[in-house]
Amino acid sequence: MGRVRVLVGTRKGAFVLTADGKRTKWQISGPHFGGWEIYHVKGSPVDPNRVYASQSSGWFGQVVQRSNDGGQSWEAVDNTFAYDGTPGTHQWYDGTQHPWEFKRVWHFEPSPTDPDTVYAGVEDAGLFRSTDGGKSWRELPGLREAKGHLWQPGAGGMCLHTIILDKLDPGRVSVAISAAGVFQTADGGQSWRPANRGLKSTTELPDATADVGFCVHRIAMHPSRPKVLFMQKHWDVMRSDDGGASWTEVSGNLPTDFGFPIDVHAHEPETIYVVPIKSDSEHYPPDAKLRVYRSRTGGNEWEALTTGLPQQDCYVNVLRDAMAVDALDPCGVYFGTSGGQVYASADSGDRWTAIAQNLPGVMSVEVQTLS
Amino acid sequence: MIRVTLPQHLRTLAQVDGEVALRIDGPVTQRSVLDALEARHPTLKGTIRDHATLERRPFLRFFACSRDLSHERPDTPLPDAVVNGDEPYMVVGAIAGG
């Protein structure tokens, strides 16, 4: 039947939620690192006991934690994220150039083939890699040469928040940066190019179809189809059928196409999920109803999933890294809210249950499917 | 022995209870105390001082003998009372919030 382990990062610590394959009774452990902001917790696909956590604080900076027993115990590993060489500058709010300064790790992406290899997406935007389980980090500096001098932080910071690895082609990596856009390498990180053709930001950019400057919120890919990418942009839900070379809008009948997370069903590569949010200045659901929208057609045609979700007086947000799916059948879907709820559906989104209700604001949700 | 006190979160990170006692050969300065502290507890590297510049993180302060030493030069000798172990060298998290 299998089991699931849900790794939840919150504004005041990490929590680990576990259940058997029925996904009806949940046990919660934590907080781990109580009082610290946990931007992301993610396990290795090849060794589920190997888990990485990003622990940060306005007082004490960045700490990287690693577990070798599925989150029961932790050890601090290297927290040195030094940009390669002279890091150079990027655009600043006043139009001047500003030097790159490390602030925090937003996202860990463990390798699909090696438990000791893990990528870290950081703010100010950069991509680091460890090949020794987090004991040391090296930047892939070629990314910042992809017009980095034109990148400019958005209100949430200039963060690299999405890392897409292709198990079938290890040299191919896609990343997304707020507010710079999508960037890709085909040679393992030596050279990078913007991959934003087809994106439009008519109110946020003076040139609506510029090479860089797009506030991409999240990208998702089904591992069996690396050429198909789905994107939740600041506004607009997009898809690419050519590996990111071009994008087309698939917002269709969504009540609003603003939002943060997007994810793909584990067994149906054309079934995708988003959580519409009213607007970029009102980070809560439209009509005060928390609704996940599912498309079984890869976009354009969307249905609201509401059973078990609050349908009145709801003003929470769902952040970009706070949605995940498990690999059981039926597929489980999970998301966490700024109000500290974690919702789970064990039937691909038809019905939802709050499996945690009073956690600190949720920043990230990841799921491990265990044998 | 030099006595060092840490904020709760750094004590948890370093897995220590109470004060940290350090033996320092040579001049006892803020730099030598923090170097010794980080050598004893490497997980604290980067959490008190910047990795590269070794500058104090903005929301931490260094107190001793009822004085704020945060803006003192790092190689200025610490007060005798700290050197003798009569008073602790305190790493303090700044008040923040409302």
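No value in this document is a laboratory result; all are computed from the given coordinates. Everything quoted here is computed from the prediction, not taken from an experiment. Every residue, glycine as well, gets a Cβ built from its backbone with ideal geometry; the counts of neighbours run over all protein chains shown.
Within region B:57-85, track down each residue that is in contact with a Ser or Thr (Cβ under 6 Å, 6 or more places away or on another chain), within 14 Å of chain A (Cβ to nearest Cβ) and not aromatic (Phe, Trp, Tyr).
B:ARG61
Restricting to region A:330-346, and then to whatever is touching a residue at least 60 places away in the same chain (Cβ under 8 Å) and not hydrophobic (A, V, I, L, M, F, W, C), can you tell me which residue is surrounded by the most Cβ atoms within 10 Å (Cβ to Cβ)? Quick ask: steps written out before the conclusion?
Filtering region A:330-346 down to residues touching a residue at least 60 places away in the same chain (Cβ under 8 Å) leaves A:331-336, A:340, A:342, A:344, A:346.
Next, from what is left, pick out any that are not hydrophobic (A, V, I, L, M, F, W, C): A:332, A:334, A:336, A:340.
On the way: A:GLY332: 24, A:TYR334: 25, A:GLY336: 31, A:GLY340: 20.
The extreme case among them is A:GLY336.
Restricting the search to region A:41-70, which residues are away from chain B (no Cβ under 12 Å) and outside any strand (DSSP E or B)?
A:SER44, A:PRO45, A:VAL46, A:ASP47, A:PRO48, A:ASN49, A:ARG50, A:ASN68, A:ASP69, A:GLY70
Does region B:13-23 include one or more residues that are within 14 Å of another protein chain (Cβ to nearest Cβ) and surrounded by fewer than 18 Cβ atoms within 10 Å (Cβ to Cβ)?
Within region B:13-23 (the criterion being within 14 Å of another protein chain (Cβ to nearest Cβ) and surrounded by fewer than 18 Cβ atoms within 10 Å (Cβ to Cβ)), the answer is yes, since at least one residue qualifies.
Restricting to region A:106-127, name every residue that is under 17 Å from A:LYS167 (Cβ atoms) and over 14 Å from the mean Cα position of the chain (by Cα).
Scanning region A:106-127 gives A:SER111, A:PRO112, A:THR113, A:ASP114, A:PRO115, A:ASP116, A:THR117, A:VAL118.
Here's a check for you: in region A:20-40, which residue that is away from chain B (no Cβ under 14 Å) and assigned to a loop (DSSP other than H, G, I, E, B) is surrounded by the fewest Cβ atoms within 10 Å (Cβ to Cβ)?
A:LYS25
Filtering region A:71-85 down to residues that are in a loop (DSSP other than H, G, I, E, B) and within 12 Å of chain B (Cβ to nearest Cβ), which residue is surrounded by the most Cβ atoms within 10 Å (Cβ to Cβ)?
Among those residues, the one meeting the criterion is A:ASN79.
Which residues, counting only those in region B:86-96, are among the aliphatic types (A, V, I, L, M), touching a residue at least 40 places away in the same chain (Cβ under 8 Å) and within 14 Å of chain A (Cβ to nearest Cβ)?
B:VAL91, B:VAL92
With a cut-off of at least 1 residues that are under 21 Å from A:SER224 (Cβ atoms), name the strands (runs of 3 or more DSSP E) lying wholly within region A:239-317. If you could, list the steps in order and put the result at the bottom.
Details: elements: A:262-264, A:272-274, A:292-295, A:303-305.
Ranges flagged: A:262-264, A:272-274, A:292-295.
Identify all residues within region B:46-56 that are assigned to a loop (DSSP other than H, G, I, E, B), more than 9 Å from every other protein chain (Cβ to nearest Cβ) and surrounded by 13 or more Cβ atoms within 10 Å (Cβ to Cβ); write none if there are none.
If the condition is that a residue be assigned to a loop (DSSP other than H, G, I, E, B), more than 9 Å from every other protein chain (Cβ to nearest Cβ) and surrounded by 13 or more Cβ atoms within 10 Å (Cβ to Cβ), then B:LEU54 is the only one that fits.
Please go through region B:57-98 and give me each residue that is among the acidic types (Asp, Glu) and assigned to a loop (DSSP other than H, G, I, E, B), ordered by number.
Filtering region B:57-98 down to residues among the acidic types (Asp, Glu) leaves B:68, B:72, B:75, B:80, B:86-87.
The answer is B:GLU72, B:ASP75, B:ASP86, B:GLU87.
With over 20 Å from A:TYR334 (Cα atoms) and either buried (at least 17 other Cβ atoms within 10 Å of the Cβ) or free of Cβ contacts under 8 Å to residues at least 24 places away in the same chain (or both) as the only criterion, which of A:SER251, A:SER246 stands out?
Exactly one residue qualifies, and that residue is A:SER251.
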